[in-house]
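Encoded as structure tokens, the structure appears first; notes follow it.
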Amino acid sequence: EIELTDFMPALPVKPGDRRSPEIFRRVRQARGTADVGLVFDPRIDYARGETRLTWEADRVEARHRTARLALAVSRTFSARDGATAARWRLVAGDDLWLRLTLSPSRTISCTCEDGEAALAATTAYWESWLGRRETGRNLDLGGFRPLVERSALVLKLLTYADTGAIAAAATTSLPERV
């Protein structure tokens with residue numbers, strides 16, 4: 001049994017702050033044993049030109065003109081036929097971390113400690129945000145509290161930080177059926 005946790009680090013951001021957007025993924029082997037694979041073969045700018053990949057033992061960087069995309073992994077991996085592919089065997093209790101960064105301003109890495117620290121900081125940020133009760137009211141929501149909190153988080157995540165505007169039609173490009 002594998003558990004996936006995906007998140008974008010949510011740290012206090014000031015309007016105009018231009019940190020490189022990142023996505024973390026934790027692959028946790030909860031029970032048993034499983035083989036986990038990775039293929040990283042990006043096509044930047046809608047494949048209108050060649051995307052060049054450069055590798056190191058624990059990361060790969062994709063470049064196209066001035067755009068950069070970096071993937072760091074908590075385990076070693078390799079290149080195959082111009083793409084990045086890897087396979088790992090995970091046993092119960094193992095974690096595999098991946099960190100994808102758009103236009104990194106520095107060389108990134110991804111250790112298990114990096115991932116756990118980012119997850120803890122992100123969890124603390126959102127728990128603090130929920131605890132502030134931005135309405136100033138303390139309502140007894142009973143059994144509906146988890147649903148209301150989840151809805152509040154979704155609305156907050158749809159908010160553009162610079163202006164406070166809420167993005168419309170967040171599901172416009174999602175398929176009707178999977």
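Read-outs: derived from the displayed coordinates by stated rules, not from any lab. The model shown is predicted, which means the values in this text are computed figures rather than measured ones. All Cβ positions, glycine included, derive from the backbone under ideal geometry; neighbour counts span all protein chains shown.
Which distance in Å, rounded to a whole number, links the C-alpha centroids of segment 78-126 and segment 30-52?
Taking the Cα centre of each part, segment 78-126 and segment 30-52 sit 13 Å apart.
If I take the Cα coordinates of segment 99-162 and project them onto the principal axes, what are the three extents in Å, biggest first?
Per principal axis, max minus min of the Cα coordinates gives 47, 28, 17 Å.
Leu4: net charge of surrounding residues, Cβ under 10 Å, Lys/Arg +1, Asp/Glu -1, itself excluded? List each step's numbers first, then the result.
On the way: positive: Arg25, Arg26, Arg28; negative: Glu3, Asp6.
Net of charged neighbours comes to +1.
How would you rank 123-129, 111-117, highest first, on the average number of other Cβ atoms within 10 Å across their residues? All intermediate terms of the calculation are to be shown ahead of the outcome.
Values: 123-129: 13.0, 111-117: 14.6.
Most protected by this proxy first, the peptides run 111-117, 123-129.
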